[in-house]
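The values are calculated or read from the model by the stated rules, or taken from the named source; none is laboratory data. The structure presented is a predicted model; accordingly, all values stated were derived computationally and were not measured. Cβ: placed from backbone, ideal geometry, glycine included. Neighbour counts: every protein chain shown. Note: accessible area is taken over every heavy atom of the protein model, side chains too, but ligands, DNA and RNA are not part of it. Shrake-Rupley method; radii C 1.70, N 1.55, O 1.52, S 1.80 Å.
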Amino acid sequence: MSLRPLARGDAEAWREARRRSAAWLVRWDATVPPGGSTRPASYGALVRRMNRQAREGTTFPFAIEVDGAFAGQVTVNNVVRGSAQFASVGYWIDQRFAGRGVMPRAVAMTIDHCFGPLGLHRVEVAIRPENTNSLRVVEKLGIPEVGYAPRFLHIDGDWRDHRLYAITAEDVPEGLLARYEREVAGERSERSG
């Protein structure tokens with residue numbers, strides 16, 4: 001599994017993954033609230049907007065690859081500098097790659113990138129209470145719950161409540177991926193021992 005910047009060349013694979021997993025993802029997808037600005041009309045427009053935001057330092061979209069195949073996306077959003085130095089992370093995965101440990105690794109790698117090259121201090125993840133798959137990701141990574149936000153984001157056509165999780169650079173001095181992999185190795189050892 002690897003991460004790389006989302007590219008225009010991902011268009012066909014991205015669209016296919018979204019089409020294949022549409023029914024599975026629709027309940028968790030952000031939507032535009034009434035009166036909000038419209039979403040990009042095409043994949044190309046989406047990538048152009050995200051690339052502009054990346055140059056501005058506010059958004060960093062990453063493609064997830066598994067054995068060379070496009071598997072999903074992790075995006076660092078809402079980067080705040082100054083005295084805050086934080087961002088939020090959102091993610092989705094093609095249903096055919098779900099349940100294989102891909103997303104916890106991808107999120108851990110992204111958060112390590114936030115704490116390393118991006119120089120951030122805190123990363124937040126907001127998850128709908130009903131999204132058991134995403135809740136399992138933060139649970140596996142040991143990211144603590146820090147709050148509850150009623151009507152936090154416009155998702156699937158309405159304002160939805162979210163559970164809030166956050167981690168700081170001090171929480172994982174060795175890196176989140178290293179901590180996660182150490183815990184996974186420990187669990188395997190316990191099962192085989």
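Only residues that are surrounded by 20 or more Cβ atoms within 10 Å (Cβ to Cβ) and part of a loop (DSSP other than H, G, I, E, B): list them for segment 87-99, please.
Correct list: ASP94 only.
Tell me, which residue of segment 140-165 that is outside any loop (DSSP other than H, G, I, E, B) and among the aliphatic types (A, V, I, L, M) is farthest from ALA106 (Cα to Cα)? Steps first, please.
Of segment 140-165, the ones outside any loop (DSSP other than H, G, I, E, B) are 140-141, 145-155, 158-165.
Narrowing the set further to residues that are among the aliphatic types (A, V, I, L, M) leaves 141, 146, 149, 153, 155, 164.
On the way: LEU141: 11, VAL146: 22, ALA149: 25, LEU153: 23, ILE155: 23, LEU164: 19 Å.
Result: ALA149.
Can you say whether GLU145 is more than 23 Å from SER2 (Cα to Cα), open to solvent by 70 Å² or more (accessible area, probe 1.4 Å) and in contact (Cβ under 8 Å) with a residue 40 or more places away in the chain, as far as the supplied structure shows? It would help to see each step written out before you state the result.
Working: more than 23 Å from SER2 (Cα to Cα): yes; open to solvent by 70 Å² or more (accessible area, probe 1.4 Å): yes; in contact (Cβ under 8 Å) with a residue 40 or more places away in the chain: no.
Judged against the criteria, GLU145 is not a match.
Looking at (1) in contact (Cβ under 8 Å) with a residue 12 or more places away in the chain; (2) at negative phi; (3) open to solvent by 20 Å² or more (accessible area, probe 1.4 Å); (4) not polar (S, T, N, Q), which is the one condition that is false for GLU190?
Just one mismatch for GLU190, condition (1).
Conditions first: (1) open to solvent by less than 70 Å² (accessible area, probe 1.4 Å); (2) not in a helix (DSSP H, G or I). VAL137 passes all but one, so which condition is the exception?
For VAL137, the failing item is (2).
Scan segment 168-177 and tell me whether some residue there is part of a helix (DSSP H, G or I), open to solvent by 90 Å² or more (accessible area, probe 1.4 Å) and not aromatic (Phe, Trp, Tyr). Give the steps one after another, and end with the answer.
From segment 168-177, those part of a helix (DSSP H, G or I) are 169-171, 176-177; that's our starting set.
Applying the additional criterion that residues be open to solvent by 90 Å² or more (accessible area, probe 1.4 Å) yields 170.
Checking the rest, the ones that are also not aromatic (Phe, Trp, Tyr) come to 170.
Yes.
Just to be sure before I move on: is LEU120 over 17 Å from ASN77 (Cβ atoms) and in contact (Cβ under 8 Å) with a residue 24 or more places away in the chain in the structure I sent?
Numbers: over 17 Å from ASN77 (Cβ atoms): no; in contact (Cβ under 8 Å) with a residue 24 or more places away in the chain: yes.
In short, no.
Restricting attention to segment 27-73, which residues are more than 23 Å from VAL123 (Cα to Cα), open to solvent by 70 Å² or more (accessible area, probe 1.4 Å) and of a type outside the set (S, T, N, Q)?
Once the filter is applied, which keeps residues that are more than 23 Å from VAL123 (Cα to Cα), open to solvent by 70 Å² or more (accessible area, probe 1.4 Å) and of a type outside the set (S, T, N, Q), segment 27-73 yields ARG27, PRO34, GLY35, ARG39, ALA41, ARG48, ASP67.
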